[in-house]
Ligand code: DGT
Ligand code: CA
Ligand code: CA
């Protein structure tokens, strides 16, 4: 499936074109190109296949793709580039997207910076901010200048690592490709990706094969490889075309599989502790497996069928990869207290779904249909409240219309459709709709969407006030961090989690890959304080419903069991919790 790369390249180009048209102040094109990028992103087929099979008409069936964009897609498939893209590219600095994507920037500000200060890259922006040249511009101030420096710093820290959704997609493609092209018995991705960290340093692949040379050859010859860094007899390391990500591959023989899976899954910290346990028991643990130590003689390798057998040989319960971070899991395994972690198949619904009523791109009916396809028993439609203007928040009138539409649809549908809204927690901790409206909703999701930079004391008070509101059901993306953009709010989260537990409010695990909020470490902390959780996708379109697996990954990293997660409940059980 390596060819899906074309889809990704087009998505990136169309997004860049949308942005450049925005800077050109062209009216409708930015939206059109973004819609097309969105449409292509949601495809499960390669555009090249679509074109081959159904030609131009086939392409035009992709959501957001009309005549002129279909033309560009064909141009790209045939020639490998898009003329209009190249023309626009010449007019703007290459790193324009990085500039616009910085928290608090946007196209308008960037345009001024390019024009007045000839800023063409994050480095130049940093220099200008440090030399205090930015604060002198109209519409910029000392505060903006500091915000720019903060945003650059966060961006830089995150840049070295890739988002888990992207890493997962690439790793799955490598696995599929290798299965077809190389003689192998087993292939898995390991490392931080198997542990489902929120960001991934590099992709690690483990293969069992009797012909390592052929495996390594196939790996280094993948279309997606930009540069081969190393190529040995059993291992190789490459740089991929996609954002210069690194991928490592190791080949072992079958007798070392269990040992190698454990070793290369890590984490390093977990494995170091495991090794100490092995030594105490008279064993040696290596990347090849467990060896019985014998004085003066060669160590004897213990045959192991699986990773499970490896842990059991060391007197431990099997530890799921997501828990291997040396956060107490080895002690739990010794006492046979490893939790029975929640799984994707346990999930019965999703409480956080957007539609065209605010910033979603599908109708309520389309989202309902997609949720039914997932086999869900219920979903909650939760569009933005009025103050979130950038997300086209609904005023009371519009929400009332939506409620009426849902009531009407609910009569026809077997799946339970819950009425909800993602209501802003305003600066003073009050909610963005009056009580008279809130009480009409089945679920009220509260979230902070503005005034992120408050003092810790004020932010803590603000969120706790919302948690005390009797109408609130769920606290959305509780820490507010956005990977590569924004740190979590400065607040006392222990206090916040305690208040959530005390007031019986549910904490959201938001599955959007740039959020993954709460993440594993926070979940574990909140669980210890008695909190309950729900895993939501915060879907903006039907394909977003698939993000649930990422949220489940974080839940597992936070040691959650089925009983800790509200959306594993049946409809009947929900009625007791939400008073439906
Ligand atoms: P990443 O790539 O930064 O997201 O994190 P990992 O955990 O994938 O780390 P990586 O790619 O450096 O190495 C893959 C696995 O190999 C790691 O999880 C554990 C194992 N490993 C690497 N270096 C060491 C080491 O020095 N000691 C031990 N015990 N294991 C190691
Ligand atoms: Ca790695
Ligand atoms: Ca690695």
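We did not get these values from a lab; they are worked out from the coordinates using the rules stated. What you are looking at is a predicted structure, and each value in this text was computed from that prediction instead of being measured. No Cβ is skipped: glycine too gets one built from the backbone with ideal geometry, and neighbour counts run over all protein chains shown.
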Long-range tail of P(r) for the chain (Cα pairs > 33 Å, %): 51 percent
Dimensionless Rg/Rh of the stretch 186-301, both radii on Cα and Rh by Kirkwood, sits at 1.03
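Find the relative contact order for the stretch 344-578 and round it to a whole percent, using C-alpha pairs within less than 8 Å whose residues are 6+ positions apart.
Values: 497 pairs, mean separation 47.1, N = 235.
Dividing the mean separation by the residue count of the stretch 344-578 yields 20 percent.
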May I ask for the distance between the Cα centers of the stretch 309-360 and the stretch 185-226, given as a whole number of Å? 23 Å
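Which whole-number percent is the relative contact order of the stretch 265-334 (Cα, under 8 Å, 6+ apart)?
Details: 73 pairs, mean separation 20.8, N = 70.
That works out to 30 percent.
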Under a point spin-label approximation (7 Å from Cα along Cα-to-Cβ), what is the residue 317-residue 413 distance to one decimal in nm? 3.8 nm
Can you classify the stretch 260-299 as rounded, prolate or oblate using the Cα gyration tensor, where a ≥ b ≥ c are the square roots of its eigenvalues, rounded means a/c under 1.5, and otherwise it's prolate if a/b beats b/c and oblate if not? oblate
Using the count of nearby Cβ atoms within 10 Å as a rough guide to exposure, how do 265, 363, 233 rank from fewest to most? 233, 363, 265
Using alpha carbon centers only, the stretch 460-476 is separated from the stretch 267-283 by a whole-angstrom value of 44 Å
Return an integer: the convex hull volume of the alpha-carbon atoms of the stretch 295-429, in Å³ per residue. 215 Å³
Take residue 292 and residue 45, extend 7 Å from each Cα along the Cα→Cβ direction, and tell me the distance between the two endpoints in nm. 5.8 nm
Highest average packing first - 322-332, 534-544, Cβ atoms within 10 Å: 534-544, 322-332
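Tell me, what is the percent relative contact order of the chain, built from C-alpha pairs under 8 Å that lie six or more residues apart? Let's see the in-between values first.
Working: 1041 pairs, mean separation 54.2, N = 580.
Here the relative contact order equals 9 percent.
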What ranking do 270, 384 get, fewest neighbouring Cβ atoms within 10 angstrom at the top? 270, 384
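Using 0.36 nm per residue, how much length does the chain from residue 268 to residue 108 gain when fully extended, once their Cα-Cα distance is taken away? Mind dumping the intermediate values first?
Working: separation 160, 0.36 × 160 = 57.60 nm, distance 4.50 nm.
Here the answer is 53.1 nm.
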As an exercise, use a Förster radius of 41 Å and the Cβ-Cβ distance of residue 470 and residue 345 to find the FRET efficiency, rounded to the nearest 0.05. 0.75
Distance (nanometres) between label positions extended 7 Å along Cα→Cβ at residue 337 and residue 241: 5.2 nm
For the ranges 186-198, 166-178, 346-358, 273-285, what's the packing order if you count other beta-carbon atoms within 10 Å of each residue, average per peptide, and put the highest first? 346-358, 186-198, 166-178, 273-285
Which of rounded, prolate or oblate describes the stretch 5-158 when judged by the alpha-carbon gyration tensor and an a/c cut-off of 1.5? prolate
Which residues does the label zone of residue 561 cover in the stretch 336-357, counting backbone N under 14 Å from a point 7 Å along Cα→Cβ? 336-343
Between the alpha carbon centres of the stretch 59-89 and the stretch 235-251 the gap in Å comes to 30 Å
For residue 427 and residue 221, what does the FRET efficiency come to when R0 = 45 Å and r is the distance between their Cβ atoms, rounded to the nearest 0.05? 0.20
